[in-house]
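One structure is given below, encoded as structure tokens.
The values are calculated or read from the model by the stated rules, or taken from the named source; none is laboratory data. The structure presented is a predicted model; accordingly, all values stated were derived computationally and were not measured. Here the Cβ is made from the backbone with ideal geometry for all residues, glycine too, and neighbour counts use every protein chain on show. Side chains are part of the model used for accessible areas, which takes the heavy atoms of the whole protein and leaves out ligands, DNA and RNA. Shrake-Rupley method; radii C 1.70, N 1.55, O 1.52, S 1.80 Å.
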Amino acid sequence: MDSDILTQQLKNGLLKKIYFFYGECLYLKRFYAAKLQEAAVSAEDSLTDVILCEDKNMTAHDFGDLCFSVSLQSGNKFVIIKDFPLSSDVITYLTDNAESIPDGTTICIICEQIKYDARTKAYKAFFDTVKSTGLTVEINNLDRPTLEKWVAQNLRKSGKSISSGTVQYILNNIDNEMYSLKNELDKLAAYSKNPVITEKDVDAVCTFTLESNSFLIGTAIIEKKPDKALKVINDLMKQSDFDVNMVLGGIYKTLLNICKINILANKGYSQGEIAKLSGIKDFVVRNSMNTARFLNAAKTKKIADICINADKQAKSYSVPPEEILTKLVAECICIL
């Protein structure tokens, strides 16, 4: 895989002249760009020999002068190009002249916010050129097992240990985007006074996703624990991005999913089969199996009507959000 080749090149220092990083994971694209810079130019020479191209209207002539100019310090040069349009003079220049990039110059092209249309002739020409003279690396989000290791490694670097179960708890409840996740891990490491991170620490410090909070509210409703449901709702209402319609939608989706799990479980399907058939995440199915027995299709229909009425009230702006959600919890529990 190209990512394995990149790792090997970074390890042995035998770099290509041009790299193209694209894909869905911004954190890792920036991480590997930083590692590439470290391999290309020493830290003491970075002020003079690292060049960030920011002018997307830069001409081919100016860029050519930049590439062929003599390095001021180390003899090496690292050039970063971020989010230049495929139609820019710079990308066109590199497509036509990649092989002429002088020795000692490493160029890193990163798509951070934009995405090139891989169907176009211009993209295919550019991609083929980089592929033949350098390295193209698609950098996507980590798979679940690798992300679990990354979480544990990050906390170890902060002097903390964590059980595999607590790692799962974090990833099940917190946004898995790596910048957001790293921020939550830093908060955990700073907050915890003990060497071992616990679920209690996670509950006290971390910001749960709307999906996770909706699941907590939904299961609390089905288990007839109004105080638990209202606590989560009150915590959500304190957040700056609180949206009553989003919360209502999340609660309804959670209750509907639990009903699906109930129906499929009663038909004898296993947890893995339920997840595959319903499209519901494995851990949600696993955590919902006991709760699901309290819900059936008839009760779900009544709950759906309550959610729809609450949604209408929220969109009319005639009733305060807190009153809408409190009433929803009470009405749902009454029919269970």
Under a Cβ-only charge scheme (Lys and Arg +1, Asp and Glu -1), can you give me the dipole magnitude of the chain about the Cα centre, in debye to the nearest 20?
1740 debye
HN-Hα J couplings of the stretch 229-234 from phi, Karplus 6.51/-1.76/1.60, θ = phi - 60°, integer Hz, Gly and Pro as x?
5, 6, 5, 5, 4, 5
Residue-wise, which Karplus ³J(HN,Hα) couplings in Hz belong to the stretch 300-305, taking 6.51 cos²θ - 1.76 cosθ + 1.60, θ = phi - 60°, and x for glycine or proline?
4, 4, 5, 5, 4, 4
With just the Cα atoms defining each centre, how far is the stretch 266-329 from the stretch 97-167? Give it in Å.
38 Å
Loop-only trypsin sites (Lys or Arg not before Pro) in the stretch 70-174, please: DSSP not H, G, I, E or B, and at most 16 other Cβ atoms within 10 Å.
Lys115, Arg119
Those trypsin sites (Lys or Arg not before Pro) from the stretch 194-243 that are DSSP loop and have at most 11 other Cβ neighbours within 10 Å turn out to be Lys238
Simple spin-label estimate for Val50 and Asp83 in nanometres, 7 Å along Cα-Cβ:
1.9 nm
Before anything else, pin down the relative contact order of the chain: Cα pairs under 8 Å, at least 6 apart, normalised by residue count, whole percent.
14 percent
Need one word for the chain: rounded, prolate or oblate. Basis is the Cα gyration tensor (sqrt eigenvalues a ≥ b ≥ c); a/c below 1.5 gives rounded, then a/b vs b/c decides.
prolate
How would Met246, Met237 line up by accessible area, probe 1.4 Å, largest first?
Met246, Met237
Of all the accessible heavy-atom surface of the chain, with the other protein chains kept in place and a 1.4 Å probe, what percent is carbon and sulfur?
52 percent
So what is the accessible area of the chain per residue, in Å², with the probe set to 1.4 Å?
54 Å²
Report the gain in length on full extension from Asp65 to Asn176: 0.36 nm times residue separation, minus Cα-Cα distance, nm rounded to one decimal.
35.8 nm
Pop out the ³J(HN,Hα) list for the stretch 146-151 in order, Karplus 6.51 cos²θ - 1.76 cosθ + 1.60 with θ = phi - 60°, rounded to Hz; leave Gly and Pro as x.
5, 5, 4, 5, 5, 4
Once you charge only the Cβ atoms, +1 for Lys and Arg and -1 for Asp and Glu, what is the size of the charge dipole of the stretch 292-336 about its Cα centre, to the nearest 20 debye?
240 debye
Hey, what angle do you get for helix 178-191 against the long axis of the chain, alpha-carbon based, 0 to 90 degrees rounded to 10?
70 degrees
Amide H neighbours of Ile109 at under 5 Å, excluding residues fewer than 5 places away on the same chain, with H built from the backbone geometry, are Tyr19, Phe20, Phe21, Ile81
Each label point is 7 Å from the Cα along the Cα-to-Cβ direction; what then is the distance between the points at Met289 and Tyr123, in nm?
4.3 nm
Give the residues of the stretch 224-268 whose amide nitrogen is closer than 18 Å to a point set 7 Å from the Cα of Thr209 in the direction of its Cβ.
236, 241-243, 246-258
Give me the angle, in degrees from 0 to 90, between the Cα long axis of helix 210-222 and the longest principal axis of the Cα atoms of the chain, rounded to the nearest 10.
10 degrees
